Every structure is written in C-alpha cells, then in structure tokens.
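For reference, the structure is listed below as structure tokens.
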Amino acid sequence: MPPTNEKKTKSSPDGWLQLLHDEALRDQIVHVEEMPSREARYGDIASPMHASLKDRLEHQGLDRLFSHQAQAYDAAMEGKDLVIVTGTNSGKTLCYNLPAIQFSLSEPAARMLYLFPTKALAQDQLGRLEKLIPASVRAGTYDGDTPPSQRSSLRRLAHIVLTNPDMLHIGILPGHELWTKFFKSLRLIVIDEMHVYRGVFGSNVASVLRRLLRICEWHRSRPQIIACSATIGNPTELFERLTGRKPTLIDADGSPKGKRTFVFWNPPDLGSGQRLSTNLVSADLIAMLAELGQRTLAFSRARVSAELVLKYTREKLSKSGQVDPKKIESYRAGYTPKERRQIEQSVFKGQLLGLSATNAMELGVDIGGLDAVVMNGYPGSIASFFQQSGRAGRGVHDGLAIMVAQNDPLEQFLIRQPETLLDARNESVTINPGNPQILSQQLLCAAHERPLSPTELESFDPTALELAETMDRSGELSFRNGMFFYPSHEPPAPKVNIRGSRGEQVVLLHNGVELGTMERWRAMQNAHEGAIYLHRGATYISLELDLDVGVAHLEPLEANYYTQAIVQTAVEPQVLLRRNGVASLSGVKVTSIVIGFKRKALDGDSMLGMEDLDLPPETYDTLAVVATLPSALPGDDLARHLGGVHGAEHALMALAPLLAGCDRGDLGSSWYAFHPDCLGLAVFVYDQTPGGVGLCEKLFESFSGWTQGALQVLKSCPCLEGCPGCLLSARCEVNNDALDKAYAMSILESLRNPA
C-alpha cells in the first residue's frame, strides 16, 4: 500500500509515457492516477557502529540513513525483535544488514541466518551484501543449488548464511547435528518479505521457525529476530503467529519516492460481452514499451499466461523488426535450476528489455532500472498489487504501472471503481499454524529432529498436544519416557511440501528430459492427456499422465489454442462451528474431480471444443462459509429464483478473494437448490486447502460487508441480464447456464438486510 502521508493527484500523463498518447489506445485507458514524489527523511543513530562498517557505508556512498533505518539499527542494538513495514525499495535491507554486520564484527563467533522466500531473492541479496561487508565477514547462500563441496565450509565458517524456508525445513533442520557450532552461536534470524508467508506456505513456515527456535534453545542460544514486510494490516500479529514472539513495530517510512503513474487498462470490447484476451493486450504493451526503449516487467498469475505473453510478444516484435525478440524472456516456477540461473543472470546484467513472469519475480529482486510494470490481471491481493507496481521506477525515478483487467466480475468491478484498490486499507495476511493436516506433518519433522516433550508442544499450537496424542494412538508417533518419539530413522521432511499440503510432484518429460514439475493436483488440471503446456515460448501437448508413477509425457506441438480443465465439486457439511443469522462457519468435506477440458482460442478466449476425462476424485476436509438463502415466495418464478441463487454464488465468489486477501484459486464455491443439511437453498464458499488456513473465518466475520460488496459488483455494471464483467464466470461448472441478475441482486439484498 502507498504510505498514508502521500496525497494523490489526478492528471494527464506526459513526458516519457508516450504509450498513453496513442489515439488508437485511448478507449482502453479507463483511469489514470498519479501519486507524487516524496522527499527523504533522515535519522541519526544513537548506538555505536564499528569503524569498518562505517567505512564500508561511506565507500558505498551511504553517508546518511533514512529515519526508519536509523530507528531499526538502534532498536536492534537494544536486542529487540523487530518487524519493519515500509514501502517497496525503501531500503529495508539495511535494517537487518547493518545489525548483522555489526554483530559479526563486534562478536566474531556470532552467526546470522537470513531466510528469503525464493532462491533468486537470496542470490540477489547476497550480491548486495558482499558489496557492504568487510573482508573479515564471510557470507554465502546455502540452498539446493549450492555445490556439496561448498556446504561444509559454509556451515563452519560463514558469519551470514542466506537460505530459504524450504532448505531450512528439508536440508538443515533434519541434519542439525552438522550445524551444532552454527546454532550455538546463532545471534540473529532475518525473515525477509514476511508478507509472502500466507496461507499454506505461511502456516508451514510458522512451524518450521518453531522447529528452528527449539533447536536453538537446545543449544542454549536465543537469536534475535528481524522481519521485513510490505505494508499489510496485521504485521505484529503475523510476526507473532510466525515466531511466537511479540516484536517492536517500525513503520514510519523515511525513504524518498519518485512519481508513480497508475493506469487501469480494459481490453477492447469484441461484442457479445467478450473482450480481447489480456494475454494479447499485455504482450502488445510489452512490445510497444520495448520499442520505446522502456525496460518492462510483466506479471501474470498463471504459468500458462506468462508463457503466452512471452510467445505473443516475441511474435509481435518479430513482425515489427525493431527489437530483437530474444530480448524478451519468461520466468516462473517449474523451470530447471539451470534455466532459472541463466535467466536471472540475463536480467541482472541488463541484457533483457522485457520479462514475462509469474509472482516468482514479485519480490525484492533488484533487476535494476525498470521503467514500467504490466500486471496481466489483478495480482490476487492488494499487497501484491502495490508490491508489483512498486517494481517500476524504483527509488526516486518515476515509474509506470499498468493493470490490464481480465473479463471477469472482480477485475471489471475494480476497473469500474479503481478507488477500491487505490484507497484500500492494508489487508491482513492469514495463516493457520494449527491446521491439523499441516501441524501433524510438522510435528513428525520436529520429533525426528529431537523427541518432543508435552510442554514443548504448546509453543507450536494450543491443539498440538491433543494432536500428538492422537498420532501416538495411530502409530505415527510413539510416546515413552514422557516424550513423543518419531518411530523411524528416515526423515519425514522430504515428504512434506511446505508450499502445498497436497504436495506430491509430477515430473514433466519430453524424450526422457525433464522440462519441469507440477504438484499432483495441478497436473490433473494442467498436464492431463490432451493438455497444452507452454515452456519458455515452446508449446507441448501432454500425451499421457501417469499418476501412479508421477510422470507426464509431453511432445512438441504447434497449437493455436490452449486448454482449461473442467472441475466438478460436491460439498458435504460435517460440523457446525459458528452461526450468525443466515451465515455459518462449518467444517465440510469437499470432493472435486476433473471431468474434462475446454480448448480455447489463443486470440480471444472463445471456446473451440470440449473433451471428457477420466481422472480420480480428490476428497479433503476443510472449512466453508455457508449462506442459507431465502426460499421462493408465492408467485415467484421458481426458475428465475434459482437463477438468482446461482447468481448470488457467482457474485459472492467474485468478491471473496479481495476480502480474504488471497488468490481466487485458494477458494471454491458451490450452490444447491436443496441441500439436506441446510434444509433448503444454500451457497458454500470453501477454503481449498485441506483443514483451511483462515480464509473462511475472515469471510464469515465480514459477512455483512461481503454481501454488500457482492451486491455492488452487480449494481455497478450497466448491463441488464449479466455479463462477464459482473456475473458470468469462466470457472462455472455449468457454463453459466441459468443465471438471473435481477433475482441475484434481490437475494443479496435480503442477505444484507435479513428479516
């Protein structure tokens, strides 16, 4: 979120924003808003600083600290746990690098552990750190790409080790005996980009950090913790839930900022409620900006979208001949480590004019001198919107951020009412460390590292002791001599994917060569037989998905279409947890099955055909908000009333991700004309993570505002019968049949003001 002391102004773009002056594009530019530049505020430190560190700062031209950097340094020197919450490119890195280097110089035996959510960010931050540290301070990255020959020396000699939660979970804690000297001397833990630790990932990381602190306590060390985050609504609460400690909050941003221009862009209307694909429009924008010499980073939510944007951009540049198409690349999860390193190096060296990426590049990797950011659709959360837009014009340089709206109810609502984003209060990040499926796996890992005492379990979660006793009865743990033991020598951590609770991996192969990997659930939707898979501009078709072996076999194919899975879902209530009028929070069992897929045209998203699939169902227990809806009144048209229920489900689901602060793929929904457990009409919106990670609790607690917002989504659209901009959904299991906008508004009105 932008700092609250910035006054927003509206004006016409000028200067280097030539793109916005093109008459042919004017109709697509819905809203332009500028946020003015801001002067820096500086501060002086009161705590001593080692002479070698002072010299390095002066050598880097850092003769003055921003006010929040000075405040953070002094607080760190007092031994406080800190959470620093300031804007993109505000110099948060120095808030932990200065204390870490000071500790390394003043306490030569002291050790520091930096945690970054991605390998790319760790590599980037190592480069920055090496420019600052004196020769006597040693630092290095310890992750899956670190050569085995270097690992021993890093464990023994490095003052500062940079890694990621995955490596900590799977490669460090299970073999903590090799790190005895390091953990005995661990002085500081850094958690960078803390806001990323949400949902399943954050819920797992909370337990991984407790496992780390537990090992440190065993070695009689109590490391200080410094966390940095983008602006969120609950930084102190999130820090506490991740670490179990209460931090000092530093959130007064003293850094300067250049002018930011936000552009809300709506693709051309093709008639019949259809709009040109955002993938094509985003590619056009990247190509035009590249031809203007503007370095651009494009973000897409989905891997396939990032690949399509790359493909279309290169095709456009090939036709124009003004820019080498190879100066545009893509970057996403699923690439091999070698491919990722090659692309990262090309970015860091300034060899690329454009990069089409997923949110793998959203974080603070310094790719230098970016002029513009193109968001191919709403990024999925308010924090991500400002995090991504903040990558353009970093520092005091002006920047352009364009959000290209997809043709769906949420994004068209945001286009019609951009102040919903620009004026939004900071959203909160939700995690649930007590999720029984997540916590049970983490307790196995902790017990393998060291037997667990009942008193230790409370630090994981209040429910942990009861859960451990259940696991003892099932044989997963063994309780003897007052401790819970893991009954095997084989570590469980490699089987626990902390980024997804359904973490079985499927390997994608072409002629025996690995192209990438996918989670099992993702592969059933994106690597089934007949699925189109895009990889760095090349197109493949899946010939076979072998779930037993965990392999999908692909072949190259020149295709003029892409594929989209068709998923059907059934929801069965299990237990009522809370009720408030017509809304309840319930435990439910969800069964979903991929029954087929659609072929959709690349140039306009129109459907070219459908095929059936025979794949196994997936069943899991989770949480849901259940809305019990009013029955039809005498004289009502029953068919229209049911169309209103269906429409209310679409509207509620459209707005839910905005309120829950999550990606729309984290939630699912269903509606029933008669559900036996509800004894009538009902809409279910459920958390797609087994056990839930707190999303539905937030929706339940804001039910009144949620229904009001859903009603506004429909009211704000001028159409009469419903269109993709307010009511129709590409994810609808029945292809948007039987929808009634007027009745949906009436039902939502009744939910907002129940009798």
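Summary of values
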read-out: Selected residue (only one of H195, H176 is in the same structural domain as A75 (by TED's automatic domain parsing), in contact with a helix residue (DSSP H, G or I) (Cβ under 6 Å, 6 or more places away or on another chain), touching a residue at least 60 places away in the same chain (Cβ under 8 Å) and surrounded by fewer than 23 Cβ atoms within 10 Å (Cβ to Cβ)); value: H176
read-out: Residue in the range 149-169 that is touching a His at 6+ places or on another chain (Cβ under 9 Å), surrounded by fewer than 22 Cβ atoms within 10 Å (Cβ to Cβ) and at negative phi present; value: no
read-out: Failed criterion for P616 (all others in (1) in contact with a Gly (Cβ under 9 Å, 6 or more places away or on another chain); (2) outside any strand (DSSP E or B) hold); value: (1)
read-out: Spans of helices (runs of 4 or more DSSP H) in the range 413-532 with at least 3 residues touching a residue at least 24 places away in the same chain (Cβ under 8 Å) and closer than 22 Å to T689 by Cα; value: 436-449, 464-474, 520-526
read-out: Of all residues making up the range 533-557, the number that are over 30 Å from K316 (Cα atoms), in contact (Cβ under 8 Å) with a residue 24 or more places away in the chain and in a strand (DSSP E or B); value: 4
read-out: Failed item, numbered, when T296 is tested on (1) surrounded by 20 or more Cβ atoms within 10 Å (Cβ to Cβ); (2) more than 19 Å from I29 (Cβ to Cβ); value: (2)
read-out: Qualifying positions in the range 590-608 - at pLDDT 90 or above and either part of a loop (DSSP other than H, G, I, E, B) or farther than 29 Å from A682 by Cα (or both); value: R599
read-out: Evaluation of S255 against (1) assigned to a helix (DSSP H, G or I); (2) over 30 Å from E217 (Cα atoms); (3) not aliphatic (A, V, I, L, M) (one fails), failing number; value: (1)
read-out: Residue that is modelled with the highest pLDDT, among those in the range 506-553 that are closer than 19 Å to R599 by Cα and among the aromatic types (F, W, Y); value: Y540
read-out: Those residues of the range 256-281 which are out of contact with any Pro (no Cβ under 9 Å at 6 or more places or on another chain) and buried (at least 23 other Cβ atoms within 10 Å of the Cβ), in sequence order; value: N266, N279
read-out: Unmet requirement for L57, which otherwise passes all of (1) at pLDDT 75 or above; (2) within 30 Å of the chain's Cα centre (by Cα); (3) not charged (D, E, K, R); value: (2)
read-out: Filter result (buried (at least 21 other Cβ atoms within 10 Å of the Cβ) and touching a helix residue (DSSP H, G or I) at 6+ places or on another chain (Cβ under 6 Å)) within the range 55-87; value: Q69, A72, Y73, A76, L82, V83, I84, V85, T86
read-out: Sole exception among (1) touching a Lys or Arg at 6+ places or on another chain (Cβ under 8 Å); (2) modelled with pLDDT of 80 or more for E362, by number; value: (2)
read-out: Residues satisfying the stated conditions in the range 545-583, i.e. at negative phi and of a type in the set (G, A, S); value: A552, A559, A565, A570, A583
read-out: Only one of A290, A283 that is in contact (Cβ under 8 Å) with a residue 12 or more places away in the chain, more than 25 Å from the chain's Cα centre (by Cα) and not in a strand (DSSP E or B); value: A290
read-out: The listed residue being at pLDDT 80 or above, over 27 Å from the mean Cα position of the chain (by Cα), hydrophobic (A, V, I, L, M, F, W, C) and within 20 Å of A392 (Cβ to Cβ), out of A46, A40; value: A40
read-out: Hits in the range 147-199 - residues which are acidic (D, E) and not in a helix (DSSP H, G or I); value: D192, E193
read-out: Selection within the range 633-681 - basic (K, R) and either in a strand (DSSP E or B) or closer than 23 Å to Y197 by Cα (or both); value: R664
read-out: Odd one out for F103 among (1) touching a residue at least 60 places away in the same chain (Cβ under 8 Å); (2) outside any helix (DSSP H, G or I); value: (2)
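The values are calculated or read from the model by the stated rules, or taken from the named source; none is laboratory data. This one's a predicted model, so the numbers in the text were calculated from it and none came from an experiment. For neighbour counting, all protein chains shown are included, and Cβ atoms are generated from backbone atoms with ideal geometry for every residue, glycine included.
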